[in-house]
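Rule-based calculations on the coordinates, nothing more; no lab input. Keep in mind that this is a model prediction, so the values were computed, not measured. Neighbour counts are summed over all protein chains in view; Cβ atoms, including those assigned to glycine, are modelled from backbone coordinates with ideal geometry.
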């Protein structure tokens, strides 16, 4: 079977945006067509990663509106929802569309418009993805994160500062990402003294609520070569669920979906943790970066915090993590986030990451839905 | 590339149901596992076709809840939304998952829970799939149907009775479907004298609002043969959009998405209209059955009504259409409907259609999203 290539990317400004979801999707979609040098008429499948345009804006059918807006009719369209990992699920769906032979040119656009709603309203929409038992008890994702962080720090004797350093690192990277919502450094003191949200986690342990869109263009490798010499190839991709009821998991510091999807992606690509040169992890909460580092084999269980303390995951470290700024500084427009992870890895691999550029031949992104309820891991490599 | 097989199906009772979406999905999912003789642990991908659980019930993440409810964790999950053709899009997504090699066993469950909301609320959720320009002017899908029907009848000099006969036929078929919402015959007089909804269309020209779920099990043909000798194969499948703004179409009696997706499915399967032995068409409104018959080449443009008048599409006719009872009598739980079309064709092909059984080696289903905004056509054949 032919390999699936990525030949173009785009990302809108993330942050508080005017307009609405259709404006954001069209902006990213058109920019990606331009970046890839692909005619809208040549798009065969158009996939939209979006969790909740109906709930946030009362508008559905956005994939069909987008097809018309960017002149891609009669391209086949579909909306992909995997909650906060809708973007990663979109990469998987787009990969499947090409690998199955259904499409020779798939444009994936992820996006969400959230900031016009209050933080409470947005948190409630997001919380509706949890199990009804938990949802009806008022459990939100931030509260899961607080409980998990407390347990992790105590059990592994990890300093509270190590979590703060994830935020500091990702903000430092975000300074160099012109599309990030927050392009500013924060120091450790600011993080550690910010208001408590879910003890022990504080405001700067959380990603913001964000509007934005991001896009990727996928096609068979033979088609890619008609357009460019500079492309990337998806060599491994897999997704997996964990118990939907979070409190039923045996060990709250192990996300089964991360482990399973990582193993699947490694096996498919023939790669292992040591082969990864750069990674985008789903740092919706700082503690999640630890859990993914461990679940993906970048660190032993309970020891991710040591690598962070040692600076190994900074941009000049052994394994740069979240060179884009992560969800933490870039922002987290639900359906866009997983696609934007793919955009960062693609741009690192083809040498288009500007001031954030690191040396990388193999990259990985991990997109977490809910509190690890479903996770997608993607391994991408520079074309050889 | 190996062919993709269907090895099991299920359908809940359609109608006004107690419980909520998760109950319906689990009921159909478990029944399909049983029908296929597949262990939940062997399901690799679990896809849920659903348009709007968030809008109808305030609950999202239903695909992850379902994985746990039917014991399929850590199967990969995704929700597929293509508005009223979410079910057909689910068949396409499930086909892609198997054809790409990503999954050797994909369970597709479509469902929607709607009847707890008022008809006005449900219609408004559905109307949110139309283009904002139309939506904000108060256009709903029934009003498009009325306008189109008036145009069709006048332009092609078709008798109003021919539309009514679609409803009469589909109700007659539904009598033999134990899962249909309305298992009762209606006579032409009842249809023609029912209350006007969108002139010239009357109550019996419309499908009802319905709760329900349906499921299909897909796998590579070589895997299918480990389970059964009685299976079907998806030999052609394609989807396509038309202008999202309905009034921009050149000819309101031609649905471009039907034509394009049909041509794609015919080309892929090497079949043509004359090869189809039985078809499920998306009769959300009676007029849609005419447009699909013509778009798919079963009748010349403007002449589908003649075949209906001649009884050719009845169960003992040349090309039985909607042997299941169609959306008209079976009901239309959005995300379930396209899957239920696939269930009917599968059951006809493997000889499990009971009192509805016709002789069929090749079947087709056509699932229409919105007012033809995106359409998926699937051709299935009995395994040889």
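What percent antiparallel are the DSSP beta bridges of chain A, to the nearest 5?
70 percent
Could you work out the mean count of beta carbons from other protein chains within 10 Å of each residue's beta carbon in A:98-106?
Shielding by partners across A:98-106 averages 4.
Pick from B:372, B:262, B:311: which is most flexible by mean-square fluctuation in a GNM of chain B where alpha carbon atoms under 10 Å apart are linked?
Its mean-square fluctuation being the largest, the pick is B:311.
According to the square roots a ≥ b ≥ c of the eigenvalues of the Cα gyration tensor, what is the shape class of segment A:1-106, taking rounded for a/c under 1.5, prolate for a/b larger than b/c otherwise, and oblate for the remainder?
Because a/c hits 1.5 or more and a/b exceeds b/c, segment A:1-106 counts as prolate.
Shortest first and in nm to one decimal, what separations exist between residue A:250 and its copies in the other chains, measuring from label points 7 Å along the Cα-to-beta-carbon line?
Between copies, matching label points for residue A:250 lie 6.3 nm apart.
Among B:35, B:251, B:238, B:275, which comes first, second and so on when ranked by fewest other beta-carbon atoms within 10 Å?
B:251, B:275, B:35, B:238
Could you state the angle between the C-alpha long axis of helix B:86-99 and the longest principal axis of the C-alpha atoms of chain B, as a value from 0 to 90 degrees rounded to the nearest 10?
Compared with the principal axis, the helix lies near 40 degrees.
Just B:220, B:320, B:273 to compare: in a GNM of chain B, with alpha carbon springs under 10 Å, which one fluctuates most?
Per the Cα network of chain B with a 10 Å cutoff, B:273 tops the list.
Hey, quick one: spin label on residue A:357, modelled 7 Å out along Cα-Cβ, who in segment A:174-192 has an amide N within reach, i.e. under 16 Å?
From segment A:174-192, the list is A:176-178.
Per residue of A:132-145, how many C-beta atoms from partner chains lie within 10 Å of its own C-beta, taken as a mean?
Per residue, the average neighbour count from other chains is 1.
For segment A:321-368 and segment B:345-368, compute the distance between their C-alpha centroids and round to whole Å.
47 Å
Along Cα-to-Cβ, 7 Å out, sits the label point; list in nm, shortest first, how far the one on residue A:159 is from those in the other copies.
Its label point is 8.9 nm from the equivalent points in the other copies.
Given the options A:211, A:104, A:124, which has the most mean-square fluctuation in a GNM of chain A, springs set between C-alpha atoms less than 10 angstrom apart?
Of A:211, A:104, A:124, the Gaussian network model singles out A:124 as fluctuating most.
How many angstrom separate the Cα center of segment A:71-127 from the Cα center of segment B:174-202?
38 Å
Mind checking the angle between helix A:286-295 and chain A's longest principal axis? C-alpha axes, 0 to 90 degrees, to the nearest 10.
For A:286-295 against chain A, the angle is about 70 degrees.
Mean residue ellipticity at 222 nm from the helices of the protein assembly as shown, using -39,500 (n - 2.57) per DSSP H segment of n ≥ 4 over the full residue count, to the nearest 500 deg cm²/dmol?
Calculated mean residue ellipticity at 222 nm is -11500 deg cm²/dmol.
Can you bin segment B:175-279 into rounded, prolate or oblate? Criterion: square roots of the alpha carbon gyration tensor eigenvalues sorted a ≥ b ≥ c, rounded for a/c under 1.5, prolate for a/b above b/c, oblate for the rest.
oblate
What is the Cα radius of gyration of chain B over 2.2 N^0.38 Å, N being its residue count?
0.90
For segment A:132-175, what does the alpha-carbon gyration tensor say about shape, rounded, prolate or oblate, given a ≥ b ≥ c as the root eigenvalues, a/c under 1.5 as rounded, and a/b over b/c as prolate?
oblate
Evaluate peptide B:78-86: per residue, the Cβ atoms of other protein chains within 10 Å of its Cβ; return the mean as an integer.
Taking all residues of B:78-86 together, the mean is 6.
Treating only the Cα positions of the protein assembly as shown as identical point scatterers, give the base-10 log of I(q)/I(0) from the Debye formula at each q in 0.09 Å⁻¹.
-0.74
How many angstrom lie between the Cα centre of segment A:259-284 and the Cα centre of segment A:205-255?
If we compute the Cα centre of each part, the gap is 10 Å.
Helix A:21-36 against the longest principal axis of chain A: what's the angle in degrees, Cα atoms only, rounded to the nearest 10?
Value to nearest ten degrees: 60.
Report, for residue A:13, each distance to the same residue's label point in the other copies, shortest first and in nm; define the point 7 Å along Cα→Cβ.
5.7
Order of A:130, A:235, A:115 from fewest to most other C-beta atoms within 10 Å?
Going from sparsest to densest Cβ surroundings: A:235, A:115, A:130.
Among B:327-339, A:152-164, how do they line up by average Cβ neighbours within 10 Å per residue, starting with the highest?
Put in order of decreasing packing, that is B:327-339, A:152-164.
Take residue B:133 and residue B:121, extend 7 Å from each Cα along the Cα→Cβ direction, and tell me the distance between the two endpoints in nm.
Going from the residue B:133 label point to the residue B:121 one covers 3.2 nm.
Relative contact order (percent) for segment B:5-62, with alpha-carbon contacts under 8 angstrom and 6 or more residues of separation?
RCO, segment B:5-62: 33 percent.
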